[in-house]
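Heads up, the thing below is written out as structure tokens.
The values are calculated or read from the model by the stated rules, or taken from the named source; none is laboratory data. Keep in mind that this is a model prediction, so the values were computed, not measured. Please note: Cβ atoms are built from the backbone with ideal geometry, for glycine as well, and neighbour counts cover all protein chains shown.
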Amino acid sequence: MVKKVLVTGGCGFLGSHVCEFYRQKGAEVIAYDNMTKQELQRTGFAVESARSYCSDFLNGIGVQVVRADVRNLGELMDHSSGCDYIIHTAAQPAMTISWEDPLLDTTTNVMGTFNVLETARKHKIPTACCATIHIYGNEINNTLKEAETRYVRDPMGIDENHPTLEGTLTPLHASKHAGDVYVKVFNDTYNLEAASFRLTGIYGTRQLGGEDHGWVANFAIRSVMDWPLTVFGTGKQARDIIYATDICEAFDAFYRTRKPGAYNIGGGPDTLISLLECIDMLGDITGKKPTVTFDPVRHGDLFYFVCDITKAKRDLGWEPKIKPREGVEMLIEWIRENKNLFGG
Ligand SMILES: NC(=O)c1ccc[n+]([C@@H]2O[C@H](COP(=O)([O-])OP(=O)(O)OC[C@H]3O[C@@H](n4cnc5c(N)ncnc54)[C@H](O)[C@@H]3O)[C@@H](O)[C@H]2O)c1
């Protein structure tokens, strides 16, 4: 059982769920976050209240919130001392920001992940890191067929043996891939018990999604707020979306099983949904059809991903539970209760 956990990016969307998950289990939890969340600035939300929202929530449930940076090895060493698990969710997660500010992207994602692993090695702490399915690259786009509302692929699922970095690359591809490679390096070279979770599209409560990052929440917020939404490309882009708490269960499964390596973590074929289908579902749940405009596809976009989660099922004994309709309804309810965060 985890007694004390350091969660980098703990005040972010996924990190806050990890913190809550371990507080509910009675663990001591440190949220380690520099409170930047760069992509918030461009959402048009009430940025200052949105920024403090997660840290206020965490303080309220007894999480120790530390304002510190993963680029600072010394601070990481100090704050992780005595922990028995590190979960590294801090990142520059947006592809758009990666090409606008490649230095921020590489220092955060490459050096940040390296520092977390180096800290874990020195303190001998098992560690789980967040990669992304983008590390496979967008050559996958050339293997798809176009159905009425989504892109399709046969076979549906993509496993961890699929080649990485194929296609047109952005700084985010390189930086998240480097983090994933460093997890293997620290495992192979130093026997660090470390896993890299290659995550698909995540959604859930406390997700301050905008056009740069977090598309399910971006669409859901705009639908509830009666704001128009923009789709880049055809809208047939599809993902096996996964609810945040299902990923918390996967982190915990890794702590118990300690089988190092890379894992594709997503909802699997049952949760595949396209942007157009998600917009339809939102209209159905809210009872009003969002206004949609279409803009050209963005540089680097990946049109399709479904995780083959066979390895995670087998090695971690884990599988996701929450289906899109149930998860999106929880998300909508949270947005309705927190309209003030978005300027409503
Ligand atoms: N949300 C998704 O759909 C998705 C998909 C695939 C992978 N991921 C990965 O999952 C992880 C969590 O994503 P998220 O959606 O919760 O992102 P998020 O932006 O909500 O949270 C990231 C947090 O990291 C913090 N942070 C950024 N730079 C930092 C630094 N230098 N030092 C300390 N803290 C820093 C931010 O302030 C923020 O609170 C990331 O690694 C991301 O790449 C997310």
- Scan of segment 1-58 for residues that are free of Cβ contacts under 8 Å to residues at least 12 places away in the same chain and within 10 Å of the ligand (Cβ to nearest atom), ordered by number: THR36
- Restricting attention to segment 28-40, does a residue exist that is in contact with a Lys or Arg (Cβ under 8 Å, 6 or more places away or on another chain), of a type outside the set (Asp, Glu), assigned to a loop (DSSP other than H, G, I, E, B) and within 22 Å of ASP252 (Cα to Cα)? no
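Does GLU211 meet the test of being within 16 Å of the ligand (Cβ to nearest atom), charged (D, E, K, R) and either free of Cβ contacts under 8 Å to residues at least 60 places away in the same chain or outside any helix (DSSP H, G or I) (or both)? Full working, then the answer.
Numbers: within 16 Å of the ligand (Cβ to nearest atom): yes; charged (D, E, K, R): yes; either free of Cβ contacts under 8 Å to residues at least 60 places away in the same chain or outside any helix (DSSP H, G or I) (or both): yes.
Considered against the rule, which asks whether it is within 16 Å of the ligand (Cβ to nearest atom), charged (D, E, K, R) and either free of Cβ contacts under 8 Å to residues at least 60 places away in the same chain or outside any helix (DSSP H, G or I) (or both), GLU211 comes out as yes.
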- Message: Let me spell it out: the conditions are (1) within 16 Å of the ligand (Cβ to nearest atom); (2) polar (S, T, N, Q); (3) surrounded by 17 or more Cβ atoms within 10 Å (Cβ to Cβ); (4) under 30 Å from GLY82 (Cα atoms), and THR107 meets all of them except one. Which number is the exception?
- Response: (3)
- Message: Going through LYS289, LYS323, LYS259 one at a time, which residue ends up being modelled with pLDDT under 95, more than 16 Å from the chain's Cα centre (by Cα) and farther than 23 Å from ASP212 by Cβ?
- Response: LYS289
- Item | Long-range neighbours under 9 Å by Cβ, at least six apart or interchain, first residue at pLDDT 95 or above within segment 59-77, second away from the ligand (no atom under 13 Å from the Cβ) and of a type in the set (Lys, Arg) | ILE61/ARG23; GLY62/ARG23; VAL63/ARG23; MET77/LYS122
- Output for Cβ contacts, cut-off 9 Å, separation at least six or different chains, first residue of a type in the set (Lys, Arg) in segment 312-323, second in a helix (DSSP H, G or I), reads LYS321/THR245; LYS321/ASP246; LYS321/GLU249; LYS323/ASP270; LYS323/THR271
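Restricting attention to segment 162-169, does a residue exist that is in a helix (DSSP H, G or I) and surrounded by 15 or more Cβ atoms within 10 Å (Cβ to Cβ)? Can you show your working first?
Residues of segment 162-169 in a helix (DSSP H, G or I): none.
No, every residue in segment 162-169 fails to be in a helix (DSSP H, G or I) and surrounded by 15 or more Cβ atoms within 10 Å (Cβ to Cβ).
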- Determine which single condition ASP84 fails, assuming it passes every other condition in (1) over 22 Å from GLN207 (Cα atoms); (2) within 18 Å of the chain's Cα centre (by Cα); (3) of a type in the set (D, E, K, R). (2)
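Please state which one of GLY179, GLY167, GLY137, GLY204 is at pLDDT 95 or above, among the small types (Gly, Ala, Ser) and away from the ligand (no atom under 16 Å from the Cβ). So that I can check it myself, show each step before the final result.
Working: GLY179 fails: away from the ligand (no atom under 16 Å from the Cβ); GLY137 fails: away from the ligand (no atom under 16 Å from the Cβ); GLY204 fails: away from the ligand (no atom under 16 Å from the Cβ).
The unique qualifying residue is GLY167.
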- Task: State the number of residues belonging to segment 19-68 that are more than 20 Å from the chain's Cα centre (by Cα), closer than 21 Å to TYR85 by Cβ and of a type in the set (Asp, Glu).
- Result: 1
- Only residues that are out of contact with any Cys (no Cβ under 7 Å at 6 or more places or on another chain) and surrounded by 20 or more Cβ atoms within 10 Å (Cβ to Cβ): list them for segment 212-228, please. ASP212, HIS213, GLY214, TRP215, ALA217, ASN218, ALA220, ILE221, ARG222, SER223, VAL224
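Just for helices (runs of 4 or more DSSP H) wholly inside segment 237-344: which have at least 3 residues that are hydroxyl-bearing (Ser, Thr, Tyr)?
Working: elements: 244-257, 275-286, 324-337.
Fully inside segment 237-344 and qualifying: 244-257.
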